[in-house]
Amino acid sequence: MKDLKRMCCKKDDSPIQKAIDYLEKLKKSKSLNDQVGGNHYKKFLIQPFIFHRANGLKQAEANVIDYILRAPEKNGKEDLKKAIHYIEMIIDTDYS
């Protein structure tokens, strides 16, 4: 984390610095360091839940990301089909 900060951030108010500060704060949360029912999200540098919250995603968009990320480790093609289904629902409800 410190190397990323040193390499990327020149100003304290940069988006990267804000992200680093946010991640540092969340690292202290026990619930965000646990995962119930597997470990398919634990391997990511930024856990999907944290990414969703930090970027203010709606639930449907968050589900798309989750299904795509977990597909190789969990349900493969079925998870990708679920992601497509969510995308179709987003298009139908938000862009029609």
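Every number in this text was worked out from the coordinates using simple rules, so none of it is lab data. Only a predicted model underlies this, so the values are computations on that prediction, with no experimental measurement involved.
The relative contact order of region 42-96, computed from alpha carbon pairs under 8 Å that lie at least 6 residues apart in sequence, is 30 percent. For region 42-96, taking the reciprocal of the average inverse distance between every pair of different Cα atoms yields a Kirkwood hydrodynamic radius of 11.7 Å.
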